[in-house]
There are 2 protein chains.
Amino acid sequence: MGKQTTEMLKGTLEGVVLAILAGRPAYGYEITAWLRDQGFSDIAEGTVYALLVRVEKRGLVDVAKVPSEKGPPRKVYSLNDQGREYLEEFWTAWRFLSERLEQLREGGR
Amino acid sequence: MGKQTTEMLKGTLEGVVLAILAGRPAYGYEITAWLRDQGFSDIAEGTVYALLVRVEKRGLVDVAKVPSEKGPPRKVYSLNDQGREYLEEFWTAWRFLSERLEQLREGGR
DNA sequence: CTCCGCTATTCAGTGTTACTATCTACCAGT
DNA sequence: ACTGGTAGATAGTAACACTGAATAGCGGAG
């Protein structure tokens, strides 16, 4: 996927995952699969699980254990109020950065 | 500036600085001042200098020592061919991420 | 002349984050 | 019993931005 993308994901991947959860509850394996589908080709499994543990500890998501037909029980995450608030801040920061970069890209030639 | 922005800068600040240098040569202090001016309110001095050392080591920039009227001599950085190539890759990665996020923001409501 | 403020750079130590690699665990089909 | 797909956890590593402090040169106030 390239080192550039990898480094860029630091700080944004969290927002990406929270944005997914804002749409609908989901579990780790599902999220990983979705990300790969979207072109984040080599997101490591462990990365998503670690991230989910982090956001859970910070109280941004609620967790429900749901038995699955295949394999061990799923941990289904859903965004709570605090998470939604945090996601809002994320979008604000993103817009800010996005605007500055757009400006630079145009000015740069 | 908020933790969100800080974390988001990982991997993008480098691109921002290279994009600045694509426009014109500049030295550390100047870049820091410009960033602060643009709203990156509390970019630490040390951060920019460390970043410049990194990109210099990777051979993305050329350096010239220029005596200044005030204070110690300036290290003026300018983007070289390798740096321009790297910056292109950065824009590619940025566009990719930007599109995914834009998609998520719209889909999320 | 000395001290302070501004310009300009450097560096050691810290915290957060994503990756690698590996492990456990459950189920279905062969 | 064995393999493959689903699902999650974890220890160790590398990269990066921040903190805080140090160094150094110059000009002006006292």
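The values are calculated or read from the model by the stated rules, or taken from the named source; none is laboratory data. Bear in mind that the values here come from a model prediction, so they are computed numbers and not experimental data. Virtual Cβ from ideal backbone geometry, glycine too; neighbours counted across all protein chains shown. Surface accessibility is based on the protein's heavy atoms, side chains included, excluding ligands, DNA and RNA. Shrake-Rupley method; radii C 1.70, N 1.55, O 1.52, S 1.80 Å.
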Being at negative phi and within 14 Å of DNA strand D (Cβ to nearest atom) narrows B:Val76, B:Val53, B:Val63 down to just B:Val53
Region B:86-102: number of residues that are charged (D, E, K, R), facing another protein chain (nearest Cβ under 8 Å) and within 16 Å of B:Leu21 (Cβ to Cβ): 1
Looking at (1) out of contact with any Phe, Trp or Tyr (no Cβ under 7 Å at 6 or more places or on another chain); (2) more than 10 Å from chain B (Cβ to nearest Cβ), which is the one condition that is false for A:Lys75? (1)
Of (1) at pLDDT 90 or above; (2) open to solvent by less than 60 Å² (accessible area, probe 1.4 Å); (3) among the hydrophobic types (A, V, I, L, M, F, W, C), A:Val53 satisfies every one except (2)
Filter the helices (runs of 4 or more DSSP H) completely within chain A down to those with at least 3 residues that are touching a residue at least 60 places away in the same chain (Cβ under 8 Å) and more than 18 Å from B:Phe96 (Cα to Cα). A:13-23, A:81-107
Return yes or no: is A:Lys70 open to solvent by 50 Å² or more (accessible area, probe 1.4 Å) and facing another protein chain (nearest Cβ under 8 Å)? no
Are any residues in region B:27-74 touching a Gly at 6+ places or on another chain (Cβ under 6 Å) and near DNA strand C (Cβ under 7 Å from one of its atoms), and if so, which ones? B:Tyr49, B:Leu52
Within region A:40-50, how many residues are surrounded by 15 or more Cβ atoms within 10 Å (Cβ to Cβ) and among the aliphatic types (A, V, I, L, M)? 2
Count of residues meeting criterion [open to solvent by 10 Å² or more (accessible area, probe 1.4 Å) and within 12 Å of chain A (Cβ to nearest Cβ)] in region B:6-35: 11
